[in-house]
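Where a number appears in this text, it was derived from the coordinates with a stated rule and is not lab data. These numbers come from a predicted model, not from an experiment. Cβ atoms come from the backbone with ideal geometry, glycine included; neighbour counts cover every protein chain shown.
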């Protein structure tokens, strides 16, 4: 779909972890986009024309290119201005980053969905799904016992691609998470959630309507 905006158009939903991580990268790289906050239960035709699968985030570039995977949007932004050096530089760091994000986006995200919506998956109790997810939590916690962030002492792509999902997991039963043994993971998440970057991407915006003023993010 042709984009007539002066800026790339980002269709987003504030609380969606995929959209949060896309906004993380766009904000930290100081890349300007037109933000269109959507209601997932009533998706605008413009979003569906841009990406028929109708999930967020979706980035529509002025040349007609559509990027509808959140990690690809992160990489698009970082390719333009990785001023905070989020991208891994060494072969080992690249492999570790890819491995952690793959675990998060596949097995852990499935377990998170089961844990968050146990009524939809009555085959097991909610605690069963939480225990499955704890395998990944333990792996992250072990990493963080030795480092401030997942790959060392500086924030990288891995932290910002994964933290929105840990935030969502923690919010299912905040009391359980806060009292769990994953103290290093708790500290890491608290650091991310207290950052100016997090507050910057979590501002509330009105639902986008066709005749709204353009909102530059």
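For the condition surrounded by 15 or more Cβ atoms within 10 Å (Cβ to Cβ), touching a helix residue (DSSP H, G or I) at 6+ places or on another chain (Cβ under 7 Å) and free of Cβ contacts under 8 Å to residues at least 40 places away in the same chain, residue 158 does not qualify. Of all residues in segment 11-49, which are in contact (Cβ under 8 Å) with a residue 40 or more places away in the chain, assigned to a helix (DSSP H, G or I) and within 25 Å of residue 106 (Cα to Cα)? Result: 17, 18, 19, 20, 21, 22, 23, 24, 25, 26.
On the stretch given as segment 144-163, residues that are under 14 Å from residue 100 (Cα atoms) and in a helix (DSSP H, G or I) total 8. Comparison of 32, 89 shows that the only residue that is farther than 26 Å from residue 204 by Cα and either touching a strand residue (DSSP E or B) at 6+ places or on another chain (Cβ under 6 Å) or exposed (fewer than 15 other Cβ atoms within 10 Å of the Cβ) (or both) is 89. Inside segment 50-92, residues that are within 20 Å of the chain's Cα centre (by Cα) and in a helix (DSSP H, G or I) make up a count of 12. Given the condition in contact (Cβ under 8 Å) with a residue 60 or more places away in the chain, more than 20 Å from residue 16 (Cα to Cα) and surrounded by fewer than 15 Cβ atoms within 10 Å (Cβ to Cβ), answer yes or no: does some residue in segment 122-143 qualify? No: segment 122-143 contains no residue that is in contact (Cβ under 8 Å) with a residue 60 or more places away in the chain, more than 20 Å from residue 16 (Cα to Cα) and surrounded by fewer than 15 Cβ atoms within 10 Å (Cβ to Cβ).
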